[in-house]
Amino acid sequence: MSKATLTLASKNYGSWSLRGWLLCKLADLDFEEKHVSTDDPSTRAELLLLSPSFQVPALLHDGLKVWDTLALSEYLHEINPGAGLLPSDQKQRAHCRSICGEMHSGFANLRSALPMNIKAHFPGFKSWAGARGDIERITTIWRECLTAYGGPYLFGKTPGAADAMYAPVCSRFTTYDVAVDAPAKDYCRTIMAMPIMQEWIAAAKAEPDELEELDVEF
């Protein structure tokens, strides 16, 4: 079997690329990375939230292409259920799928108000009112999961698909100095300290490419 290939956009700005990459890492998949340039118009449109249909991240594995992030998590769980991307308990698995789906299809105000930008830091950034509702809903999800399953990850002691889906939010909260309650703050610290997250952050900071539209002082 040929080695898997994961196509990614920018590591600094690409929140969906981060999700796909974390899923592959957590699933213990052996893969090589292929990067699309931010100079490509379709890539820029996706990163600037102008196009929802760009097929990145995309996994090529055993002759199959999988590009939707939810489909990717399900596929990786099927080929390696022992990695624990999804909980073994049926009810917990349904809960996990629900909150992953909510992240996948929702929180548009958060995405537009606080675009992912790992290199940047905006102390005291004021989030506009529309984003506050999304922030409150996300921290409620985190609090409920951490209480129900004991933490430090959303579904227990090991990271899984839900953590991969919400990891870019932790990055956004760090970049924009978002004030959250203690459980959410602790969860963000846990995610940002993961060795694979630190690996991604280091690569993002080393990227030469920039999108000036996302580097302005808001």
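Quick one: in the range 110-127, which of the residues that are touching a helix residue (DSSP H, G or I) at 6+ places or on another chain (Cβ under 9 Å) and small (G, A, S) is surrounded by the fewest Cβ atoms within 10 Å (Cβ to Cβ)? Ranking the candidates gives S112 first.
For (1) of a type in the set (A, V, I, L, M, F, W, C); (2) modelled with pLDDT under 95; (3) under 30 Å from A113 (Cβ atoms); (4) crowded, with 22+ Cβ neighbours inside 10 Å, each residue gets a yes or a no:
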| site | (1), (2), (3), (4) |
| --- | --- |
| W21 | yes, no, yes, yes |
| L48 | yes, yes, yes, no |
| S51 | no, yes, yes, no |
| Y75 | no, no, no, no |
| I79 | yes, no, no, no |
| I99 | yes, no, yes, no |
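Only one of the numbered conditions (1) farther than 15 Å from S15 by Cβ; (2) touching an Asp or Glu at 6+ places or on another chain (Cβ under 9 Å) is violated by A179, and that is (2). Just one of (1) assigned to a loop (DSSP other than H, G, I, E, B); (2) in contact with an Asp or Glu (Cβ under 7 Å, 6 or more places away or on another chain); (3) of a type in the set (S, T, N, Q) fails for T139. It is (1).
Counting only residues that are closer than 12 Å to Y187 by Cα, of a type outside the set (F, W, Y) and buried (at least 21 other Cβ atoms within 10 Å of the Cβ), the range 142-161 holds 3 of them.
T38 - would you say it is within 18 Å of the chain's Cα centre (by Cα), modelled with pLDDT under 95 and of a type in the set (S, T, N, Q)? So T38 fails the test.
Can you pull out the residues in the range 170-188 that are touching a residue at least 60 places away in the same chain (Cβ under 8 Å) and not small (G, A, S)? R172, T175, Y176, V178, listed by residue number. Restricting the range 189-209 to residues that are touching a residue at least 40 places away in the same chain (Cβ under 8 Å) and within 16 Å of N117 (Cα to Cα) leaves a set whose member that is surrounded by the fewest Cβ atoms within 10 Å (Cβ to Cβ) is K205. Remark: pairs (first residue in the range 143-169, under 16 Å from S73 (Cβ atoms); second residue in a helix (DSSP H, G or I) and aromatic (F, W, Y); Cβ separation under 6 Å; 6+ apart in sequence or on different chains) = F155/Y149.
The values are calculated or read from the model by the stated rules, or taken from the named source; none is laboratory data. Values in this document were obtained by computation on a predicted structure and should not be read as measured data. A quick note on method: Cβ atoms are made from the backbone with ideal geometry, for glycine too, and the neighbour counts reach across all protein chains shown.
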